[in-house]
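Everything on this sheet refers to the single structure shown next.
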Amino acid sequence: MNDCKFLDHPPRFLFFTGKGGVGKTSIACATAIQLADSGYQVLLVSTDPASNVGQVFGITIGNHITPIKTVPGLAALEIDPQAAAQAYRDRIVGPVRGVLPETVVKGIEEQLSGACTTEIAAFDEFTALLTDSTLTAGYDHIIFDTAPTGHTIRLLQLPGAWSGFLEEGKGDASCLGPLAGLEKQRSQYKSAVEALADPNRSRLILVARAQQATLQEVARTHEELNAIGLSQQYLVVNGILPEAEAMQDSLATAICQREQRALSEIPEALQALPRDQIELKPFNLVGLDALRQLLTVATPVITQFDATTQAIQVPNLSKLVDDIAADGHGLVMLMGKGGVGKTTLAAALAVQLAQRGLPVHLTTSDPAAHLSETLNGSLDNLTVSRIDPHAETERYRQQVLKTKGAQLDAQGRALLEEDLRSPCTEEIAVFQAFSGIIREAGKKFVVMDTAPTGHTLLLLDATGAYHREVSRQMSSSMHYLTPMMRLQDPKQTKILLVTLAETTPVLEAANLQADLRRAGIEPWAWVINNSVAAVAVHSPLLRQRAANELREIDAVANRYAQRYAVVPLLQQEPVGVSRLLELTD
């Protein structure tokens, strides 16, 4: 039985998009199974760098169309964005290696190392699936796990000559570099974008959780896609705790109330979208039986437990705070994907350090972060600041347009302006603003929320290379310290990676750790936030969820982290100094 609006009269192409950990892969897989069970020929395509489609079905898929033998009519394909991006880089860098100076070649390689290259290369790979009917002639429906962002689509809509723009030395910013490697005909990209925007052929499903921050982020995605013509959108709010569980214990009651409040205050931009709500399931969404239950309202079978599941014994946040406080000062940066609770944990660390009489500056650039509401009060030894990403980005954009853009023609300036709308631009602009605050870490603690990615740090380090080389040649006794050097020094900076005890967020944090290591930065600790396993619970569903977390906690403890801490899911949202202090008790 079909219980979902987004499956009513589905078009040929279905795109699922959303942040890591919201369940879009599981929903995409469940949709593919349901359509195949209904007699359709279905191709499921993943472009997620942390794809676990193969894991969900219990088979190896990879970068070729693979029939799912246990589901007649279903085949799957995992496009490897990293491999696509590497092939992309090789095509561009190969011809100039040995011709241009090595420093220039390295600069080109770094320019092509970021998320924009990966995203565009992946789109380059699956464009054919949207436009080449001979490749997909046998399929009634093609389902994409992870849709292209509005930024990628805008880039592909540009009419300018990207390669010529770069070859003439006019473009050297963050996202135009990747575009130089596009070799397919522009008409094919035009056809792909048209297919995405055609409601008779394509439907975008925005996947979220019943959390205010997550819904606000989805609202921004909706508006960005809607502005470029992708208006056929549906909203799926996943993982809602069934109200029947609220009677089981106080934690379940608090979660239900929190989720219902978030749904009642859903952003205005999302209110008109067709909406489905999918209940939280007690089991891991791996295997056909589990996936076939995901989109139905059937009562799930729950494994029997004792009346109460006891909290597991794991390191808590207070031990990390003790080790941080022992240094007396330094930079503490919290990194992680959206929705994992970086802002709350940054506030909790800052409050605990200030409570110990240590001077602390807490700063954030998160547009969805409301530090004043989170703190809900003041504290001796604690100062708080917020860097406005929009203001800093606009200031940076104007600076670049005034310098690099001054000599460009109209077409070149249009390309540069589009490039400056990339996420990389915002990260660089915000980090420049952060750099002044970082210097304070020599005398006090600076706790920083929403740090830039490793790729952005490498770009910033590349821009400082010329200055360091000049300094070296001018005088061997000249001393200097760049922000990048400070971040690479474990005595001065401690990076904390924040995640959840779920498969996708842990994989994304592991990828971020690898990215940082490439930049010469070693994360100091991992923090697993909002863990049910760290709480004693009575609800049968929550007891099963707690059991499911154990594998991910073990992976962090034994495979990824040098040190780690687990923060329990609290009954009350951690707002206010007293509740923030509870997080570190």
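Things worth noting here:
- Residues in the stretch 75-86 carry Karplus couplings, in order, of 10, 9, 9, 10, 6, 8, x, 5, 5, 4, 5, 5 Hz; the curve used is 6.51 cos²θ - 1.76 cosθ + 1.60 with θ = phi - 60°, and Gly or Pro positions show x.
- Residue by residue, the stretch 550-561 carries 3J(HN,Hα) couplings of 4, 5, 5, 5, 5, 4, 5, 5, 10, 10, 10, 9 Hz when phi is fed to the Karplus relation 6.51 cos²θ - 1.76 cosθ + 1.60 (θ = phi - 60°); x denotes Gly or Pro.
- All other residues whose Cβ lies under 12 angstrom from that of G73 are scored, Lys and Arg at +1 and Asp and Glu at -1, for a net of -1.
- Amide proton proximity set for L44, modelled H, under 5 Å, gap of 5+: A75, A76, L77, I143
- Each residue of the stretch 260-274 is assigned a 3J(HN,Hα), and the resulting list reads 5, 5, 4, 5, 6, 10, 4, x, 4, 4, 9, 5, 7, 6, x Hz, derived from the Karplus form 6.51 cos²θ - 1.76 cosθ + 1.60 (θ = phi - 60°), x at Gly and Pro.
- Translational diffusion coefficient of the stretch 6-137 (Stokes-Einstein, Kirkwood radius from Cα pairs, 4 °C, 1.567 mPa s): 78 µm²/s.
- In this structure, the amide hydrogen of Y564, modeled 1.01 Å from its nitrogen in the peptide plane, lies closer than 5 angstrom to those of W526, counting only residues at least 5 positions away or on a different chain.
- Net +/- balance of residues flanking T253 in space, Cβ distance below 14 Å, scoring K and R +1, D and E -1: -3
- Hits among lysines - C-alpha to C-alpha of K404 under 26 Å, sequence gap 8 or more where chains match: K106, K170
- Amide H contacts under 5 Å for G62, placed H, 5+ residues apart: E78
Coordinate-derived values only; no laboratory data. The model shown is predicted, which means the values in this text are computed figures rather than measured ones. Heads up, the Cβs are rebuilt from the backbone with ideal geometry, glycines too, and the neighbour counts pull from every protein chain shown.
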